[in-house]
Amino acid sequence: MNSSGVGPRQLFAVNGSLGLPCFINENEVLRDCSLDRVAVQKGDIIILSSDGLWDVIKGDQLHQIVKRNANKHLQDLADDLLSQAVEGYIANGRDDILIIVCRVDSSL
């Protein structure tokens, strides 16, 4: 994830004491990694997704999609993200795409 909070991060365990890897993909398991805390506020939108989304949707495009769906139902945002990702794969192969979108209800 880059400094603006946009991009892929694959975390498998909350902390190292669980004995689980904190990063896993098809080629490697990393046990030495750092976890960051990100302050969230009421109304913030969190998008969890597989690389099937992040491989075709980049920062500026993501910001535009979120902005145009900010006052709509979260399903509309997820549908728009999925549509844009599928469109990105039409000419260049395909991938599975998992998208979870949530809005923070209270300050944490």
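General observations
- When residues of the stretch 56-88 are limited to those that are of a type in the set (D, E, K, R) and within 11 Å of Ile99 (Cβ to Cβ), the one surrounded by the fewest Cβ atoms within 10 Å (Cβ to Cβ): Asp79
- Those residues of the stretch 72-107 which are over 13 Å from Gly52 (Cα atoms), out of contact with any strand residue (DSSP E or B) (no Cβ under 6 Å at 6 or more places or on another chain) and at pLDDT 90 or above, in sequence order: Lys72, His73, Gln75, Asp76, Asp79, Asp80
The values are calculated or read from the model by the stated rules, or taken from the named source; none is laboratory data. Because the structure is predicted, anything quoted here is derived from the model rather than measured. Counting neighbours? That spans all protein chains shown, and the Cβs are built from the backbone with ideal geometry, glycine included.
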